[in-house]
Structure formats: structure tokens, C-alpha cells
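Read-outs: derived from the displayed coordinates by stated rules, not from any lab. Quick caveat, the model's predicted, so the values are computed rather than measured. Here the Cβ positions follow ideal geometry from the backbone for every residue, glycine too, while neighbour counts run over all protein chains shown.
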Amino acid sequence: MLLHKGETLFRQGETGPLYRIRSGLLKIVRIHEDGTPVLMNIIVPGEIIPHHSLISPKEYHGTAIALVKSEIEIIPAGEWYSELEREPAKYRESALVLQSRLRLMQQRIDQLTQIAPEDKLRKLQEWLEAFIAPVKLADVLTQEEIGQFIGLRRETVNRLLRKRMD
């Protein structure tokens, strides 16, 4: 399946299959009760989502939207869970995927709590551009989303982006 920038893979609250990201990037956005969207995660090639459904099914926690053209493999939920039962080694594979994601989240928490705003933005740009170059960070995420993802106000992101352009 091919998604183009801005197309939705699934919506918060729906249920359905799992997906393996072959290429591209997705963002996971959670809509709060007041209608406020919050960028929760960025999904990179090789990941299987939703992470919280690798062992047992659960509705989608957020809405998945393509940041760039993305190739997606659909993994039917019934097949995934049946295969887990038939092949216990798949549980290990799932655990390793979750472990990898947890380690990335730990790095992100460390970055949010230990570095200056300029460094937070630089590290995010370097990380994302490894997947999307030559496309730039500001071409795939809004300033508000960048701020949500690295723990800065939109105004600070705006100032830092302008400063980098000078």
C-alpha cells in the first residue's frame, strides 16, 4: 500500500490490522477530548505498528498520517495473532521491537530533559533528516508539532528555525 504525504493510514479509536513501515515516515497524532491534536510519535521504516497491539489487539491510540510518501505493508490482525500462537519465536521478535522502541523513547526523554533548546532542535533535525533527506524538518512537521515533540513552545521553535536560516 502506498500513502502520499498527508494521507491517513488509520484513525484514533478504530480497530484493524497491524502495519509494517517499508519506507517513508508516519506521525501518530492523538486528538484530546477538547479537539486539540498532539504529536505523540514518529514512525520510521522497519517498525510494526501499533506498538501496543503487538501481543494482543487494542484500538488505535492515535491517528497515523504520512509525513512523506510511504510504503506500508498490511499485516492482517488475525494472521499476526495466529502466527504468534503457532510460532513462539514471534513473541521474542515482538519483545525485541518493543525493547527497541522503549530505548528510543528513553533517548528522547534524556534529550528533552538534558539539553538546550537549540540542541533539541538540532538533534531532531539530524535524526529525521536521516530518513527524509533532502526534505527538511519544517517541510514535514509544523512548528507546533516540532515543539510538542521536543518539549518547546511554538514561538521558541519559530525563533530557532529563523536563527538557523540566518
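Brief remarks on what is shown
- If the condition is being of a type outside the set (V, I, T) and crowded, with 16+ Cβ neighbours inside 10 Å, then segment 95-116 contributes R101, R108, Q111.
- Checking every residue in segment 44-60 against the condition of being out of contact with any helix residue (DSSP H, G or I) (no Cβ under 9 Å at 6 or more places or on another chain) and either acidic (D, E) or closer than 17 Å to Q148 by Cα (or both) gives zero matches.
- Test: residue in segment 109-124 that is in contact (Cβ under 8 Å) with a residue 40 or more places away in the chain, outside any helix (DSSP H, G or I) and of a type outside the set (V, I, T): no
- Between I55, I72, I48, I31, the distinction of being within 27 Å of I109 (Cα to Cα) and under 14 Å from the mean Cα position of the chain (by Cα) belongs to I48 only.
- Check on F131, in a helix (DSSP H, G or I), aromatic (F, W, Y) and over 17 Å from V68 (Cα atoms): no
- Looking only at segment 92-122, and only at residues there that are more than 17 Å from the chain's Cα centre (by Cα) and β-branched (V, I, T), the one that is farthest from V157 (Cα to Cα): T113
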